[in-house]
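Beneath this line is the structure, given in structure tokens, with notes to follow.
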Amino acid sequence: MVKPLDPNSIPKYVNFLPIPFIFKPSIEFDERTGKVKSHKYTVNITEHIQQILPFGFPETKVFSYEGLVHFKYGGQRIVRSTPGPTFEALRNIPIHVQWVNNLTNPHFLPVDPTLHWANPNQFPPPSPPFIPFPPGYPQAQFPIPTVTHLHGGETSSDSDGHPEAWFTHNETKKGPAFSTSLYTYLNQQQPTTLWYHDHVLGITHLNVFAGLAGFYLLRDPNNEIEKILPKGKYEVPLLIQDRSFNEDGSLFFDSTGVNPTINPYWRQNYNGNTNVVNGKVWPNLNVDRRLYRFRIVNGANSSFYTLKLSNNQSFQQIGSDGGFLRSPVTLKEVIVAPAERVDILVDFTALNPGTKILLLNEDKSADPDTTGQVMQFTVTDTQPIASPPLPFQLNDIPNLTPDVPDEPQLLNIIRTTDGTNNPLLFLLNGQTFDSAVSELPIVGSTVDWLVASTDGNHPIHIHLIQFLIISRQKFDADGYLAEWILRNGEPPIGDKPLIRVPVDPFLIDDPFPPDLNEQGWKDTVRVNSGEVARFRLRFAPQDIDPNQTAPGMNHFPFDPTAGPGYVWHCHILNHEDKDMMRPMIIRKKD
């Protein structure tokens, strides 16, 4: 029997940090002007073996993205990896990606057929006593559906990676929202760090854990700030994830459900006992004595990171999910929830050669000897190079004003249990994914959403748009929940009309603003337990002048009211896959 690998037996900082290869597109030119018209890619989704643990340890089976990449010293080759190769996109140059599902073996992780999931075989949910995993249920393990979401992208819904737009190998079986596997990303939004990852209904937590994630860096050659930032080997993307392993190198994934008589394999969280950066456990990066730009994605299933340098050195955050902040923010630590991105600058100029600095995780759940350490920087014996100071203003973030007559959209997070405090469902509005649509924003409108968490910290992600966080405020979660249940009944409420319970009578103290490094464009917001988060959503592209749009005006280069629509959800992937996701339909003005 395979035994779990003791994380303390893994030597740290012997892996070198890999930098993902860059996808190489085929370029389509405008015959009339000779200018670049679009970039085209074919990306395969496949299974392979990768050395994630240090050499001397066994390799690890993963899922990966595969495609043609630029190779060192010129040339090109096909590469498969986790994280997948990086898309280097240019603003206003659309790209077309043909996604190909080449997964031809049964899933090596436990697909729980009692969840609301893609279910390509239409396999009826089994009843207890359940079969343990392995082997699980063959009708659930194969074929494997996939669909890819560009997280943070302003994208038409038929290219957004809707959770029901999945498809299997050779597109033999397809989800009800499927229309095409050829996706178009128009890239008209601000330059930023986006990422792409699997998004299949009910098994996102498995497919992303298995390896299906990668960077999508959107650049703007005309942006004056981008021109002065570190480039080349001094600009480093960091995809941080936590993983546990078995002694044979395989990924350890607990397959005993938290409620095993109801859901045989599903657990509410995954917390690994090592940290993996760019597909390597506890890597080291040799750094020159100069300024570096680190573009960080928290790609973990459920772990939050509080990142800090071991020498207590400060750094500057210059960007968040959707682009540059108004001004640089000097920090000594930064919280990064699942799916959030932070764009930071670290200056190694004044450090002595040979200095070793750890990137630490000081989240309260982290073990200082294992998950409390992320990676290491080793300063090389190089000539110090000073960098010019950044300008005070990096970006013009507009002031948005709600322009619909309704009260702010009030939403909530509720957990249901089995009577022993073990979670059964994490719900938004007390509704499941397939309950009647209750979020129906008008294209062009600006509206506040209030999300009140009665249980736990949750990163809430909204598809299609970037938004602005306005405030957070404490509230009486127990009193609010009791009133909500009194009016709506015990959740889930099914297709009963949702009664939105005003939160004002339960608010405590005064609202407080978001941290300075959260005061930019966001697509994922941390909603803390016992707090109400207010954020302002505008259903229009980022750069539209607020005075030039109004409810009913569509400024997107596509029709967001067409197609299967969008979703909003918790980005703790195990929660998302247990119905903590809701549909969102953009509508024209009444």
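The values are calculated or read from the model by the stated rules, or taken from the named source; none is laboratory data. This structure is a prediction, so every number in the text was calculated from the model and none was measured. Because the Cβ atoms are built from the backbone with ideal geometry, glycine has one as well, and the counts that use them run over all protein chains shown. The accessibility values were calculated without ligands, DNA or RNA, using every heavy atom of the protein model including side chains. Shrake-Rupley method; radii C 1.70, N 1.55, O 1.52, S 1.80 Å.
Yes or no, residue by residue, for (1) within 18 Å of SER64 (Cα to Cα); (2) at pLDDT below 95:
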| position | (1), (2) |
| --- | --- |
| ARG77 | yes, yes |
| PRO85 | yes, no |
| VAL97 | yes, no |
| PHE108 | yes, no |
| THR114 | no, no |
| GLY136 | no, no |
| THR168 | yes, no |
So, GLN122, is that one out of contact with any Lys or Arg (no Cβ under 7 Å at 6 or more places or on another chain) and either loosely packed, with under 13 Cβ neighbours inside 10 Å or acidic (Asp, Glu) (or both) or not?
yes
Quick one: which of ARG243, ARG295 is over 23 Å from LEU109 (Cβ atoms), open to solvent by less than 20 Å² (accessible area, probe 1.4 Å) and of a type in the set (Lys, Arg)?
ARG295
Return yes or no: is LEU103 within 20 Å of ALA213 (Cα to Cα), of a type in the set (A, V, I, L, M), assigned to a loop (DSSP other than H, G, I, E, B) and open to solvent by less than 10 Å² (accessible area, probe 1.4 Å)?
yes
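For PRO502, indicate whether it is modelled with pLDDT of 95 or more, surrounded by fewer than 14 Cβ atoms within 10 Å (Cβ to Cβ) and of a type outside the set (Val, Ile, Thr).
No, not satisfied.
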Would you confirm, using the coordinates I've provided, whether ILE52 is part of a loop (DSSP other than H, G, I, E, B), open to solvent by less than 60 Å² (accessible area, probe 1.4 Å) and farther than 28 Å from VAL287 by Cα?
no
Could you identify the single residue in LEU217, LEU251 that is surrounded by fewer than 24 Cβ atoms within 10 Å (Cβ to Cβ) and more than 26 Å from ALA140 (Cα to Cα)?
LEU217
For the condition surrounded by fewer than 21 Cβ atoms within 10 Å (Cβ to Cβ) and part of a strand (DSSP E or B), what is the one hit in ASP455, ASP510?
ASP510
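Kindly provide the set of residues from segment 479-496 that are of a type outside the set (Lys, Arg), in a loop (DSSP other than H, G, I, E, B) and without any contact (Cβ under 8 Å) to a residue 60 or more places away in the chain, ordered by number.
As a first pass, look at segment 479-496 and keep what is of a type outside the set (Lys, Arg): 479-486, 488-495.
Pick out the ones that are also in a loop (DSSP other than H, G, I, E, B) and you get 489-495.
Correct list: GLY489 only.
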Of the residues ASN44, ASN121, which single one is of a type in the set (S, T, N, Q) and either in a loop (DSSP other than H, G, I, E, B) or closer than 30 Å to LYS12 by Cβ (or both)?
ASN121
PHE21 vs. criteria open to solvent by 60 Å² or more (accessible area, probe 1.4 Å) and touching a Ser or Thr at 6+ places or on another chain (Cβ under 8 Å)
yes
Could you check, for segment 408-421, whether at least one of its residues is among the charged types (D, E, K, R), open to solvent by less than 20 Å² (accessible area, probe 1.4 Å) and over 18 Å from ARG582 (Cα atoms)?
no
Only one of (1) more than 27 Å from GLU28 (Cβ to Cβ); (2) open to solvent by 10 Å² or more (accessible area, probe 1.4 Å) fails for GLY211. Which number is that?
(2)
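Can you confirm whether THR306 is touching a helix residue (DSSP H, G or I) at 6+ places or on another chain (Cβ under 7 Å) and either under 17 Å from LEU390 (Cβ atoms) or buried (at least 16 other Cβ atoms within 10 Å of the Cβ) (or both)?
The answer is no for THR306.
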